[in-house]
Each structure stands twice: as C-alpha cells, then as structure tokens.
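Engineer: Before we start, here is the structure in question, set down as structure tokens.
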Amino acid sequence: MDSRVRATGPVGQAPDVVWPVRSGAVPPLADGFSARPETAPALGSGLVPGAGVALVAGQNAPAGSPDWVGTCGKTQLAAFFTESLWRSRGIDLLVWVSATSRASLLSAYAEAAAASGSDHVGDAESVATRFVGWLGQTSRPWLVVLDDLADPADMEGLWPESSVGRVLVTTANPAAVSGDHRMLALPVRAFSTREALSYLMGRLTADPDQRIGAIDLVADLGCEPFALAQASAVIASSGLSCRDYRDYFAQRRGQLAEVGVGDRSAVAVTWTLSVEQAERLAPGGGAQHLLAMAALLDGHEFPGEVFTSPACCQYVSNGIGGAVDARRVWATVLSLERVGLLSIEVTGPAPSVRVNSAVQAAVRLAAPQVMLDRAAQAAADALLEIWPEEEPHAWTAAALRSSAFTLQKYAGDALWTSGTGHPILLRAGQSMDGARLTGPAVEYWRDLAAASDRIVGPGSPDTLMAGNRLAGALRAAGLAKEAIAWAQWVLAGRGRVLGPEHPSTIAARVDLGRAYVAAGQSDAALPILEQAAGDWERARGADSPEALEARDDFAAACLAAGRTGDAARLYRRTLGDRERVQGPHAPDTMKTRQRLAHAYLAEGKTKDAIGQLKRLVNDRERVLGPDHLDTIVARGSLAAAYHKVGRMASALQLYEQACTGYERVLGADHPETLARRGDLAHAYYTVGRLSDATTMLRDTVERCERALPAGDPLTQTLRESLANIAGA
C-alpha cells in the first residue's frame, strides 16, 4: 500500500505536495556507526513536540589547535535520531539545514518552503520569514535540524517554534545556544570504554587477528570517536593489527614531539597516519594535493565534480609531475574515503563529498603555504568550471556558494593575482544576487569591495565593480541612502579612470539614477537619467537595448516626479521603437506597454490605459499562457483600471480571476495575493456587497497577521479598511 498522502491541508499549500516531505541532505551514517547506548544524550525523551535540543561539544579544544574534541559525533547522532523519527512516521516534514551562515540558512528554508508547498516566491528573507510563520501555524508535525550552528546572530527571525514541531541543533560552540530558553543543551563526549571497544571490534570483522591489541589501542586513543574511526579505517585497509597500529601511533606521536608540534592528541596523530595509508592505496595519485584542496572548501558538502574537473586534474598533474585523468583522480578520492579522511555520498545524480572540519583545520595547519596557494587557485578554477549557467531557485547553487565563501575565508590574498581577483569572486556574488539573498549579498559585496580596495587599490576595475554590485545589493535590500552614496562613488571613479563617455561610466550613471528613484528622490534622478539616455543613444544608437532601457528609466523617474505627460510621451516613443526593433510580443515590449498604461492612468487617460492593458492581457495570454504570473499581474492591472472608471462588472470578474491566479501561483499567504484580496474586497464594497467585503477582509487580515511581520503596512491598511466597513 502506498503510504504517501497528497496534501489537502492548510490554505495556500500546493495541492500536489506528497506527504511526508523531506528537504536537505541528511548525512549518511558512517560505517560501524554506534548508537552509543551509554554516552549518547537521551534525544528520544528530550526532543518531544514543542521542544528544542542542542547537541554541544562536551569540552573545549586547546587554544590554537584544531577542534578535535568538536568531532565527537554530534552530527552522526543527530542524523541517527532524524532517520529513526522519519522511519517511525513521527514527522510529516523533515528539514535538514547546514547552519554555517545566514546565506545557507536562507537557501535551505527556501528549498524547504518549495518542497512543502509553502510560498517560495520573492526575496529569500521574506520567503524564509513566511516559511517560519507557516511552521508555527501548521498542524503537521515537523523536525528542523540546524547542523553546525556557528553564529546565533544568523538565526535572527528564523527560529521555528510550534507545539507540534521539534528543533535539533548541533554546534561546536556551546555559547551559540547558552542562555537560549528555547534550547536544552546536551553535551556529547567521547565513547565509554565499552562503546569504543564495541565500535572497534565491529569495524574489524574481516580478519579476527587484526583485533589483537584492541583494548590497549582504545586506551591509547582515549576513546575518541574520530580517532577510532581513522585508526580502524587504516587497519581495515591494510594488513595491520591493532597492536601494529599502536606501534606506529607511538612512533608518530614521538616524531611530532621532536619537531615541536604542540598538539599531540590522539586525532592529531591518527590523521597523519591516514594520509600515509591513502598514498599507499593510490600511489602517485596526489592524495595530499587533493586533501589540501578539500581543506579549503565547505566540508559539510561539496560536489564531487570538483575533483574530476579539468582544473583539478591539471592541478594534481602539476603537483606530482605527471599527467593524471579524472578516473585516476577519483580513485585517489576513494582511497581518502577508505582511510577515513572524507566521505562520499551518492544519493542524487552526482556524488557529494564531506570532510570533517577538524581534518580540514589540521591540513591547513600542516600544509606548506605554497601548496595551499596552488590548491586555492585550483579549487577556484574547479568551482567556476562546474557552476551551472542557470540557477532557477535560491537553493540551486547553495553548496557551491558555501564552498566559494569558505575558499575566500582560508585562501586570503591567494585569489588575487596579477592585479585582479579570481572570477569565482564575482560568480559567487552574482549567484547571491540572483538568489535574492539580499542581506548576505550586501555583506558579501561590502567585504569584497574592502578587500579589493586593500589589495589592488580604489581605482581598479575590480574595486569599482564590487562597489557597483554593492550599490545594487543595497538598493535591493531597501537601503536606498547608502546605495546612493556607493553609486555616486562608482560613477566618480569610472568617470575619472575611464572617461565620461565610456559605456561602463554611462551604465554607472543609470544605476545612480535608479538609486535616487528607489530612495524617492525622483527630482535628483531626472537630469542624471536624461543624460544617460542621451549618452546611450550617441554611443550605441537610439534603437540599442541600452538606450531603450535608459529611456524607460527616465520615463519612470518622470512618472514618480509627477510629470505624467512626459512619462507617457517617453513610453509611447519607446514602445513604438521596441515594437519595430524587438517585435510586439517581446518581453521588454510588453513591459513597456504596461508602463505606458500606468502612465496613462496617472495622467487621467483611462480609456487609453484600458486599451493598452487589454492588448497586454491578450498578448501575455497568447505568449506566456493564462496561468503565468505576468499574465495574472496584467489581469489585475486591467481590473483596477475598470474599477477606476466604474465598469464594476468587468472589474469584479478580473479581480476574482487575478486573486485565484495569485493564490495558485504564489500561495494564499504571499503579500501580493493578500494585497489583491484587499482590492477585491474594496470592489465588493463599491458595488454594495458588504457581507462579501467584510468576510474577505476579515479572512485576509487574519492571514496577514499570521504570515507577515508585525507592523506590516499592508496589515494595518486592511485592518483600517475592515474597521471602516464595520463602522459604516
């Protein structure tokens, strides 16, 4: 019998969602995983519906050393509990989140919103906020796992809470959850002696003789889970016994003491023995070079394609002094997995790789700087080679973005050579902009602009590019005043370096004008955009895409400044040019037609506006289909025009169609859907359908209060409308 259930639940939920739903990649359980009956926290009894539990490191790492004690198995225990709860059908929704940054959190929430049928249209911040609101309202039991939470500030506004939901956090930083009333902190420490011995014996089943000396080895390794995992992996992949491994372990610890290595903990020794075994398993395969590269990427998960890319193959070939192909490189990656230095997961169309953060830290500490610099360049080249050209959703390239950010963190200036930054720096930022990760994008471009200014100077093309991107990100985030300041700085810099007529300078002039319009300073924008439109016509021709777009921007500024006649005149001219050059049904042509209609409405020429909007609706239905969002938007605009001239029968029909369309495409709780329901309620009131207007407004206000942030202007407006109708 098929246990899957199709959703018919909460309003706004997509009708084709199949429950239960999981989102995010849960790490697979390691070979020989132990449920730790003696030392594992009692998650089953503590993490009940409505509760939050944090698995934290049981002790602090020594200062200046890799966080080996943070590798005590928190994520593995979380994965075990998660899968157990899923198999028992205790939850309808499972969301696994790599909580290492705000960008990762937002991407994961957007993915989960889409998977669960919640509204996932708009910028990532608003999508995540609505998803958290949905979690607080749904009756379906859920579990959200925040793996490796680094900074509690990243969770601002994103903590899910519900009487039917559970939140499980893993973190190497106990301070991340200390004092948080929502979380019960449970420390995770080393194995007990019995658990450690059981684990080691379970890993060594092929040859019983390899178990000789197991009890003593457990003692030498201090029952540390990660040390035991690496030791057993080396023993299992060789002819060694536990006694033999103890001898090598003691020798290596002594060698580290002789060269003055301060950290001689068990795992600080075992990982070096694992590297040597990997080299023996794949001689001449560049295991150390691949490990150096992996140490600079996001160890929570990165695509295995990084290792088989042409850039990586060339990097390994240069490192070992002989040609290698993708097959040989992957064989070496498999050897690294066999000795416990990384893990490979094959659940999707392509394998993904995970590397323990403490191993990464140890590799970065031990590897020569020249090797790390070369690895950084190769990693950047490889990421760029496998990055998809199209990113349809916020979460599409989340793993690539995380690895790019990690690479920048540890590569430092190695990504800046010959007076310019590596192209991966631009690609990662563009991906954030495209995914509408507005807040993280602002911080990314701000940091990149500062780095570029420091390394290559304030007048370099890279610095000006980063400043321009920062201005755009600030504008998208609603920080208009700061966006203007950066746009002015970019325009001045490009004018000084490139000249006032250079295309990049003209483009910067357009961006400054847009920033002024976004800030509500349309009078300041007018001369700038008028000049830019003329500049593009002279530089590229009156029919060029740049000139047409600049003219549209100038018209928008005129409309915002109340110069409705000038705006309509400009839009008419541009519409005629676009129809002639691009065709009547081109996307940009239809956008200009809609803008012209709005200008006509502002000018009081409602008949002309209705004519343009009717043409627009027909064109979009023919080209895009009746259910495309642009078609629905046009239908709503035509409804508003009919309403304005009192043609209420036509207005009501189109308003109802638009509301249905918005709800179907964006979801019932999307702000645009809620706003259009308010328009429909107003139309009902206009024709005397007071009961329908009251019912719709009351329901819409309730949805606003549930889905939108407190104090949202739309909620306040609709609440006032409801009060006015009730008092009429």
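Engineer: Using each residue's phi in the stretch 338-350, evaluate 6.51 cos²θ - 1.76 cosθ + 1.60 at θ = phi - 60° and report the 3J(HN,Hα) Karplus result to the nearest Hz, with x for Gly and Pro.
Structural biologist: 4, 9, x, 8, 7, 10, 10, 10, 10, 10, x, x, 9
Engineer: Using only helices, what value at 222 nm comes out for the chain when you add -39,500 (n - 2.57) per DSSP H run of length 4 or more and divide by the total residues, to the nearest 500 deg cm²/dmol?
Structural biologist: So the helix-based figure for the chain works out to -19500 deg cm²/dmol.
Engineer: Can you tell me what share of the DSSP beta bridges in the chain is antiparallel? A percent to the nearest 5 is fine.
Structural biologist: In the chain, DSSP labels about 25 percent of beta bridges as antiparallel.
Engineer: I need the Debye-formula profile for the stretch 522-650: one equal scatterer per C-alpha, no solvent, reported as log10 I(q)/I(0) at q = 0.10, 0.20 1/Å, two decimals.
Structural biologist: Scattering profile of the stretch 522-650, log10 relative to I(0): -0.32, -1.12.
Engineer: So how much slack lies between residue 385 and residue 205, counting 0.36 nm per residue of separation and subtracting their Cα-Cα distance, in nm?
Structural biologist: Here the segment from residue 385 to residue 205 would lengthen by 60.6 nm.
Engineer: May I pose another question? Please calculate how many Å² of accessible area the stretch 350-434 carries per residue, with a 1.4 Å probe and no DNA, RNA or ligand atoms counted.
Structural biologist: 41 Å²
Engineer: Check the straight Cα-Cα distances from residue 74 and name the lysines below 28 Å, setting aside those fewer than 8 residues away within the same chain.
Structural biologist: Answer for residue 74, where 28 Å is the Cα cut-off: 409, listed by chain and number.
Engineer: Right, next: For the stretch 294-436, just run the numbers: alpha carbon Rg, then divide by 2.2 N^0.38 Å, N being how many residues it has.
Structural biologist: The value comes to 1.01.
Engineer: Provide the convex hull volume over Cα atoms per residue for the stretch 192-246, in Å³.
Structural biologist: Spread over its residues, the Cα hull of the stretch 192-246 gives 58 Å³ apiece.
Engineer: Still on this structure, please answer the following. Can you bin the stretch 461-523 into rounded, prolate or oblate? Criterion: square roots of the alpha carbon gyration tensor eigenvalues sorted a ≥ b ≥ c, rounded for a/c under 1.5, prolate for a/b above b/c, oblate for the rest.
Structural biologist: oblate
Engineer: Under the definition of Cα pairs under 8 Å and six or more residues apart, what whole-number percent is the relative contact order of the stretch 419-509?
Structural biologist: Relative contact order, the stretch 419-509: 21 percent.
Engineer: How far apart, in nm, are two points set 7 Å out from the Cα along the Cα-to-Cβ line at residue 18 and at residue 314?
Structural biologist: Distance between the two pseudo-spin positions: 4.3 nm.
Engineer: What angle do you read, to the nearest 10 degrees and between 0 and 90, between the alpha-carbon axis of helix 102-115 and the longest principal axis of the chain?
Structural biologist: Computed tilt is about 70 degrees.
Engineer: Could I ask something else about it? Could you grab the Rg to Rh ratio for the chain? Cα atoms only, Kirkwood for Rh.
Structural biologist: 1.03
Engineer: For a quick check of your reading of the filter: which GluC sites (Glu not before Pro) in the stretch 136-219 sit in a DSSP loop and have no more than 13 other Cβ atoms within 10 Å?
Structural biologist: 156, 161
Engineer: In angstroms, what radius of gyration and Dmax does the stretch 491-568 have, counting Cα atoms only?
Structural biologist: 12.0, 38
Engineer: For the pair residue 591 and residue 331, how long in nm is the line joining their label points, each one 7 Å along Cα→Cβ?
Structural biologist: Using points 7 Å along Cα→Cβ, the separation is 5.2 nm.
Engineer: Using alpha-carbon pairs under 8 Å, 6+ residues apart, how would you state the relative contact order of the stretch 509-571 in percent?
Structural biologist: For the stretch 509-571, the relative contact order is 30 percent.
Engineer: When the chain is fully extended, how far beyond the present Cα-Cα distance does residue 151 get from residue 447, taking 0.36 nm per residue of separation?
Structural biologist: Computed gain between residue 151 and residue 447 is 104.8 nm.
Engineer: Related question: Mind giving me the nanometre distance, one decimal, between the label points for residue 161 and residue 581, set 7 Å out from Cα along Cα→Cβ?
Structural biologist: Output for this residue pair reads 5.5 nm.
Engineer: Enumerate by residue number the trypsin sites (Lys or Arg not before Pro) in the stretch 689-728 meeting two conditions: DSSP loop (anything except H, G, I, E, B), and at most 15 other Cβ atoms within 10 Å of the site's Cβ.
Structural biologist: 689
Engineer: Now for a different question. Against the longest principal axis of the chain, how steep is helix 369-386, in degrees 0 to 90 to the nearest 10, with axes from Cα atoms?
Structural biologist: Here the helix axis deviates by roughly 50 degrees.
Engineer: On to the next question. Please list, or write none, the lysines whose alpha carbon is within less than 21 Å of the alpha carbon of residue 644, excluding same-chain residues fewer than 8 places away.
Structural biologist: Straight-distance partners of residue 644: 605, 607, 614.
Engineer: Roughly how large, in nm² to one decimal, is the mean projection of the convex hull of the alpha-carbon atoms in the stretch 367-503?
Structural biologist: 8.8 nm²
Engineer: Which angle between 0 and 90 degrees, to the nearest 10, do you get for helix 310-320 versus the longest principal axis of the chain when only C-alpha atoms count?
Structural biologist: Helix 310-320 sits at roughly 30 degrees to that axis.
Engineer: Also, I was wondering about something else. Please report, to one decimal in angstroms, the Kirkwood hydrodynamic radius of the stretch 438-548 built from all distinct Cα-Cα pairs.
Structural biologist: Computed over Cα pairs of the stretch 438-548, the Kirkwood hydrodynamic radius comes out at 14.1 Å.
Engineer: Take the Cα coordinates of the stretch 535-597, assign each an equal point scatterer, and use the Debye formula without solvent to give log10 I(q)/I(0) at q = 0.13, 0.17, 0.20 Å⁻¹.
Structural biologist: These q points yield log10 I(q)/I(0) values of -0.30, -0.51, -0.69.
Engineer: Would you work out the relative contact order for the stretch 99-237, in percent, from Cα pairs under 8 angstrom that are 6 or more residues apart?
Structural biologist: This gives 18 percent for the stretch 99-237.
Engineer: Not counting ligands, DNA or RNA, and with a 1.4 Å probe, what is residue 537's accessible surface area in Å² rounded to the nearest 10?
Structural biologist: Number for this one is 60 Å².
The values are calculated or read from the model by the stated rules, or taken from the named source; none is laboratory data. The structure presented is a predicted model; accordingly, all values stated were derived computationally and were not measured. For neighbour counting, all protein chains shown are included, and Cβ atoms are generated from backbone atoms with ideal geometry for every residue, glycine included. Ligands, DNA and RNA are excluded from the accessible area calculation, which covers all protein heavy atoms including side chains. Shrake-Rupley method; radii C 1.70, N 1.55, O 1.52, S 1.80 Å.
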